[in-house]
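What follows is one structure encoded as structure tokens, with my remarks underneath.
The values are calculated or read from the model by the stated rules, or taken from the named source; none is laboratory data. Since the model is a prediction, treat every value here as computed from it, not as a measurement. We place every Cβ from the backbone using ideal geometry, glycine too, and count neighbours over all the protein chains shown.
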């Protein structure tokens, strides 16, 4: 009966020793892990570099316009480049007719440059000479009339397909030419005190065209004559 308390005390002492040993082992493991974490370098973090306030401000300025969706959006996310401001328009000096003032780049004023094509209103030297000689100012030369082009034909040509005493005969001849595909006109003229009705084709500006029409009429049995009139 006296041996039972001795066994309980020995078992209690063994439990306490095991608990203390377990705590020591756990503390050792935790200490080893802490030392490993502090000694091993972490990616993207340099522990030996110290940052000051200026570097932090510069980094914040760089990251101000950073867009995390730039890779997804491509070039559409980039901010548009502002268009350059248009240069100021050239100012015209008041009181100087036809003068153009171009503002220089350095901002200094320049004398007005007379516009191209502007002429002085008066000629003082010419007026003085004319007043001494007593002659009126010469008038501007009139524009010469347009001369006919060199080599142009001075005549207008007609092809006459007959002259008749009655308008009915002239209209019948004109209808015959119309059936051949040739347009003709009937004109009246007094000849020897009588009215003559002429059937003519034309006018033609070139003699070659009139000759072709005359040959066409003669080929179809129609007597035709070439008539030329001074322009």
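Of the residues 189, 200, which is loosely packed, with under 13 Cβ neighbours inside 10 Å, in contact with a strand residue (DSSP E or B) (Cβ under 8 Å, 6 or more places away or on another chain) and part of a strand (DSSP E or B)? Break it down stepwise before answering.
Working: 200 fails: loosely packed, with under 13 Cβ neighbours inside 10 Å.
When all the criteria are applied, what remains is 189.
Considering only residues of segment 153-203 that are without any contact (Cβ under 8 Å) to a residue 24 or more places away in the chain and on the phi > 0 side of the Ramachandran plot, which is nearest to the chain's Cα centre (by Cα)?
181
Sort out which residues of segment 208-223 are surrounded by 15 or more Cβ atoms within 10 Å (Cβ to Cβ) and within 60 Å of the chain's Cα centre (by Cα), and write them in order of number.
Of all residues in segment 208-223, those surrounded by 15 or more Cβ atoms within 10 Å (Cβ to Cβ) come to 210, 213-214, 216-217, 222.
Correct list: 210, 213, 214, 216, 217.
With respect to the numbered conditions (1) outside any helix (DSSP H, G or I); (2) in contact with a helix residue (DSSP H, G or I) (Cβ under 8 Å, 6 or more places away or on another chain); (3) at pLDDT 85 or above, which one is the sole condition not fulfilled by residue 221?
The number of the failed condition is (2).
Name every residue in segment 156-178 that is more than 20 Å from residue 211 (Cα to Cα) and part of a helix (DSSP H, G or I), in order of residue number.
As a first pass, look at segment 156-178 and keep what is more than 20 Å from residue 211 (Cα to Cα): 164-172, 175.
Of everything in segment 156-178, those that are more than 20 Å from residue 211 (Cα to Cα) and part of a helix (DSSP H, G or I) turn out to be 167, 168, 169, 170, 171, 172, 175.
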